[in-house]
Amino acid sequence: MSDSTTARPVVVDVWCELQCPDCHAALEDLRALRARFGDRLDLRLRHFPLDKHKHAFAAAQAAEEAAEQGKGWPYVEAVLERTEDLAARGEPVLLEVARELGLDAEEFDTALIDGRHILIVDADQAEGKAIGVTGTPTYVIGGERLDGGKSQEGLRARVEEIADRLLAAQTDTP
């Protein structure tokens with residue numbers, strides 16, 4: 001795989017919670033990673049709703065509905081931009097963001113009632129606990145878990161370093 005256009009993207013699992021102020025702060029890092037690596041980096045949202053945030057579980061389900069409607073990351077970013085509003089007003093914020101992005105807000109409302117995405121959220125949370133995730137944001141790249149829940153100092157640089165190493169290893173492989 002010496003041609004970079006045929007290289008597989010490096011996967012970064014981003015264990016996140018949409019009511020989390022630390023995840024809100026990490027948005028700039030995620031945007032910078034996307035800008036630097038483009039499609040060579042696959043940022044995958046993984047849900048890890050924290051008990052201390054009342055609307056986190058509903059927000060995770062809403063993010064799955066947004067993904068189903070084709071706007072997963074735009075929705076996630078828009079909700080993260082409004083973490084304080086979500087904390088104060090709850091589920092109406094999730095529907096407002098859906099409308100703002102041109103998504104079917106009625107389907108969001110139905111999805112939150114019928115719980116069609118609960119299993120995905122539960123599975124993510126269980127997997128996160130199994131690998132030692134305790135807070136958000138937490139990144140897993142190249143088998144390494146990087147915890148940003150306590151401090152995000154140097155975290156983006158560490159993700160970049162690992163991604164560079166993994167991408168270089170792909171281009172060195174015949």
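Filter the range 1-41 for residues that are among the polar types (S, T, N, Q) and at pLDDT below 95 and give the result.
Pass one, the range 1-41, residues among the polar types (S, T, N, Q): 2, 4-6, 19.
Hits for the range 1-41 are 2, 4, 5, 6.
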If you go through the range 100-124 one residue at a time, how many are in contact (Cβ under 8 Å) with a residue 40 or more places away in the chain and either touching a strand residue (DSSP E or B) at 6+ places or on another chain (Cβ under 6 Å) or open to solvent by less than 30 Å² (accessible area, probe 1.4 Å) (or both)? 6
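Say we look at the range 43-58 and pick out the residues that are over 10 Å from the mean Cα position of the chain (by Cα) and without any contact (Cβ under 8 Å) to a residue 60 or more places away in the chain; which of these is farthest from residue 85 (Cα to Cα)? Walk me through it before giving the result.
If we filter the range 43-58 for residues that are over 10 Å from the mean Cα position of the chain (by Cα), which is where we start, we get 49-58.
Adding the requirement that they be without any contact (Cβ under 8 Å) to a residue 60 or more places away in the chain leaves 51-56, 58.
On the way: 51: 18, 52: 16, 53: 12, 54: 12, 55: 11, 56: 12, 58: 14 Å.
Ranking the qualifying residues of the range 43-58, first place goes to 51.
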Unmet criterion (only one of (1) within 15 Å of the chain's Cα centre (by Cα); (2) surrounded by fewer than 14 Cβ atoms within 10 Å (Cβ to Cβ); (3) assigned to a helix (DSSP H, G or I)) for residue 84: (1)
With respect to the numbered conditions (1) closer than 15 Å to residue 48 by Cβ; (2) buried (at least 17 other Cβ atoms within 10 Å of the Cβ), which one is the sole condition not fulfilled by residue 94? (1)
Going by the conditions given, is residue 69 closer than 28 Å to residue 131 by Cβ and either free of Cβ contacts under 8 Å to residues at least 12 places away in the same chain or polar (S, T, N, Q) (or both)? no
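Every residue, every condition in (1) of a type in the set (Phe, Trp, Tyr); (2) in a loop (DSSP other than H, G, I, E, B); (3) within 24 Å of residue 153 (Cα to Cα), yes or no:
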position	(1), (2), (3)
30	no, no, yes
33	no, no, yes
54	no, yes, no
88	no, no, no
Give all pairs with beta carbons closer than 7 Å in which a residue from the range 134-153 that is crowded, with 20+ Cβ neighbours inside 10 Å meets a residue that is assigned to a loop (DSSP other than H, G, I, E, B) and of a type in the set (D, E, K, R); count only pairs at least 6 apart in sequence or on separate chains. 136/17
List the residue pairs whose Cβ atoms are under 8 Å apart, where the first residue sits in the range 15-42 and is within 15 Å of residue 78 (Cα to Cα) and open to solvent by less than 60 Å² (accessible area, probe 1.4 Å), the second is among the aromatic types (Phe, Trp, Tyr) and modelled with pLDDT of 95 or more, and the two are 6 or more positions apart or on different chains. 16/48; 17/48
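The values are calculated or read from the model by the stated rules, or taken from the named source; none is laboratory data. Predicted model only: the values in this text are computed from it and were never measured. Cβ: placed from backbone, ideal geometry, glycine included. Neighbour counts: every protein chain shown. In case anyone asks, the SASA skips ligands and DNA or RNA and just uses the protein heavy atoms, side chains included. Shrake-Rupley method; radii C 1.70, N 1.55, O 1.52, S 1.80 Å.
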